[in-house]
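One structure, as structure tokens, below. Some questions next.
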Amino acid sequence: MPDKKWYPDSLKVGAQGTSSTYRFLESIYKKHDEFSYAEFGVYRGDTARNVAERFPNATLHLFDYQETIDEAIIKLSKYQNKIFYYGNSQKYHDSYNWHLGKILKNNPHTTIFDYCFLDGAHTFSIDALTYFLCDMLLKRGGHIDFDDYAWRLRGSSLDPRKVPSIAEQYTDEQIDAYQVKMIVDNIVRPSGKYREVVKNKIFQKL
């Protein structure tokens, strides 16, 4: 039996992806630089496409639901970058963190990412752990990029009025909370391990 598909097919995301992310990459890397870029929450693959176009020697690690990854594989097939894909199911307790755990297991005491763009679940229960796992895999001087600091489930494409299963998964307090902000304000900044490069968004590992 296939997994229950609860995630909506359409989200409020522009066709060019998150330009602030790949524009920032252009400010720190030259076109032919080699670096390792991880993206959590690929959606239509447009941010990754822009990264691949601008940096042909970059290695991309892309994480999302398997059906989304399947679309990204087609969209990015013409690029010559080394691209690794990690698809997970829509089961409630499955996420890209499982793949990160396996990467850690296979690369003990090794940092492999130069840049992590966290644009996935936007929830504390998943992405707080993602931050810690990325921190373990992120090189010194590397960057972690948080999308949607001021985002919450209420009023978004995942509002429980549009996606009823959200009300089954989260309390009203969690639906109304700015959960990315919670991660940035209560974990990242107090850690003392990062320098804030772009306010509320991009942090460099010291």
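The values are calculated or read from the model by the stated rules, or taken from the named source; none is laboratory data. It should be emphasised that the depicted structure is a prediction, and the values quoted were computed from it without experimental measurement. Cβ atoms come from the backbone with ideal geometry, glycine included; neighbour counts cover every protein chain shown.
Out of 114, 119, 94, 70, which single residue is of a type in the set (Asp, Glu), in contact (Cβ under 8 Å) with a residue 12 or more places away in the chain and within 23 Å of residue 156 (Cα to Cα)?
When all the criteria are applied, what remains is 119.
Let me ask something else. Of the residues that sit in segment 136-193 and are of a type in the set (Val, Ile, Thr) and in a helix (DSSP H, G or I), which one is nearest to residue 42 (Cα to Cα)?
180
Picking from 174, 169, which residue would you name as being at pLDDT below 95 and surrounded by 15 or more Cβ atoms within 10 Å (Cβ to Cβ)?
169
For residue 34, all conditions in the list (1) out of contact with any strand residue (DSSP E or B) (no Cβ under 9 Å at 6 or more places or on another chain); (2) assigned to a loop (DSSP other than H, G, I, E, B) hold save one; what is the number of the exception?
(1)
Condition first: of a type outside the set (A, V, I, L, M), within 20 Å of the chain's Cα centre (by Cα) and closer than 17 Å to residue 92 by Cα. Can you find one or more residues in segment 127-141 that meet it?
yes
When residues of segment 66-89 are filtered for being part of a helix (DSSP H, G or I) and of a type outside the set (D, E, K, R), how many remain?
Going through segment 66-89 one residue at a time, the tally reaches 6.
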